[in-house]
Amino acid sequence: MFKEVTIQVPGKLFIAGEYGVTRPNGKALVAAIETPFFVSVKERSGLSKFHTNVGLEDFEFDVNHFEVPNHSWNFATQALKNCIELIQSEKNDQFSELKHPLPQLLISIESDLGFGENKKGYGSSASVVVGVTQAVNQFLDGKIREDLQFEAAAKAHREVQKSGSMGDVASITTHGVIFYQAPDEHFKNWKIETQEWKKNNWSTYIVRTGKSVKTAEKLTLSLPESFFEKSDQLVEKIAALKLKNCPPNRRFSVFKQLILENQQLLITHLPQGYVTEKLAFALTLINEKSNLVGKISGAGFGENMIVFAKNEKEINEIKEKLEQNDIILEKIRILDEER
C-alpha cells in the first residue's frame, strides 16, 4: 500500500545571468523562493488523473501505457514519464522490485503562480516538472538521487519547451541560491553549487509589474559572444563574493555594483522594450538608495524585479511610491537549502 505524498515546491528568481545561461555552459545565479505551490500524489481506482486548481480540465490516462499529450498537461506528463523510466532504469536497478503494473495515480497540483496571461513569472512550468518528479519519486519510494532528479525534470522541460536554460529547474530542485552552469549540447558538464547566501542576512523582495511574458520567446534573441563572456564573468565575480573574501561593511556595496553592471549589460544589448516604463521607474527608485539594489529578473519586457535590502529603513517609502504607479512590492523568502 502506497502512502499519500504532498510536497511544497518553490519558484525561482534569477539574480544574474538569465540570458547568459541560455547557451551551453553559460552561468547564472538563481534563487529558489517560497511559493504556495503544492503537488500531491495518491493511489486511485480506475485511470490515473492529473488535477489542478488553475483552470485546466482534468486529464485521465493509464499510467502503465501513456503518451505525452500535445496540450497544457504536457510538462507534467513528460516529467512523470521521465521519472518512472528513471526509477525503473539500470541506474536504479536496486529498485527493480517496482514491477508492472504500477498503481494508478491521482496527481494534484495546487498553485498560486498564475496561468497563461496571468503568470507571475516565478517559473511555474519548472515548478511543475520538478514537483511531479519529486512527489512521484517519493510516492513510489524511488530513492532517485537529487542530481538525477534534476536531469529527469530538466530534460522533461526541454523536451516540451524546446528551449530554455534549465536554471529554473536547477534552482527549484536544489533550493537556496545556486551558481548554475548549463549543460553542454550532450547534457553533460552541468554544475549546481549552493551558495552560502543566508549568512548575508539581507532581506529579499520582489517587484511585480503585472505584465506576464512568455519567457521562451524572449530567450531566442541573437546576442554577440562578447555579451556572453561578460555575463559569465559578472556571475563568477558575484559567486566569488564569499563572506571571508570581502569585509562585512563593503560586501553589500560590492554586490550592488556587480548586480548593476549585470543589469546595464542587459539593457545595452537587449531591445528597447526590455525595460518597460514600470520597470524603469522601479529600477530608478530602488537603486538610488544605497541600502537597496534591484534588478530585472527573468526575460524582462514586464515580469519581475528581485530586490535585496541591506536594511529595511526605506522599504515602506519605496512601497508606497510603487503602489501609486500600480506596481507591487512584497517581501519574499529564499527557501533555504536545508529541507
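Label separation (I267 vs K188): 4.2 nm, computed from points 7 Å beyond Cα along the C-beta direction.
Measuring between their Cα centroids, region 21-45 and region 297-311 lie 18 Å from each other. Neighbours of E43 by Cβ distance under 11 Å: Lys/Arg scored +1, Asp/Glu scored -1, total +2.
Fully extending the segment from R333 to E229 would add 34.4 nm, taking 0.36 nm per residue of separation and subtracting the current Cα-Cα distance. The relative contact order of the chain comes to 23 percent, based on Cα pairs under 8 Å that sit 6 or more residues apart.
Need the full-extension length gain, T6 to K211, defined as separation in residues times 0.36 nm minus the C-alpha distance. One decimal, nm.
Roughly 70.7 nm would be gained on extension.
Filter K81/K198; K237/K331; K3/K81; K191/K237; K49/K155 down to the pairs with a C-alpha to C-alpha distance above 24 Å, please. Show your work: numbers first, answer last.
On the way: K81/K198 35 Å; K237/K331 26 Å; K3/K81 20 Å; K191/K237 16 Å; K49/K155 22 Å.
From the list (K81/K198; K237/K331; K3/K81; K191/K237; K49/K155), the Cα-Cα distance tops 24 Å for K81/K198; K237/K331.
Shape class of region 198-332 from the Cα gyration tensor (axes a ≥ b ≥ c, square roots of the eigenvalues): oblate, since a/c reaches 1.5 or more and a/b does not exceed b/c. Under 14 Å of direct C-alpha separation, and excluding same-chain neighbours fewer than eight residues apart, K278 reaches these aspartates and glutamates: E303, E323, D326. For a modelled paramagnetic label at S222, 7 Å from Cα along Cα-to-Cβ, the residues of region 243-286 in reach, with backbone nitrogen under 18 Å, are 269-272.
About its Cα centre, the dipole of the chain is roughly 1000 debye, where the only charges are +1 on Lys and Arg Cβ and -1 on Asp and Glu Cβ. For P(r) over Cα pairs in 20 Å bins from 0, in percent, the value computed from the atomic coordinates appears in the list (1) 32, 59, 9; (2) 36, 61, 3; (3) 31, 55, 13, 0 under label (3). Peptides 293-299, 328-334, 33-39 ranked from most to least packed, by the mean per-residue count of other Cβ atoms within 10 Å: 293-299, 33-39, 328-334. Per residue of the chain, the DSSP helices (runs of n ≥ 4 H) give a summed -39500 (n - 2.57) that works out to -10500 deg cm²/dmol at 222 nm.
Since every read-out is calculated from the coordinates, none of them should be taken as a lab result. Quantities reported herein were computed from a predicted structural model and do not represent experimental measurements. Counting neighbours? That spans all protein chains shown, and the Cβs are built from the backbone with ideal geometry, glycine included.
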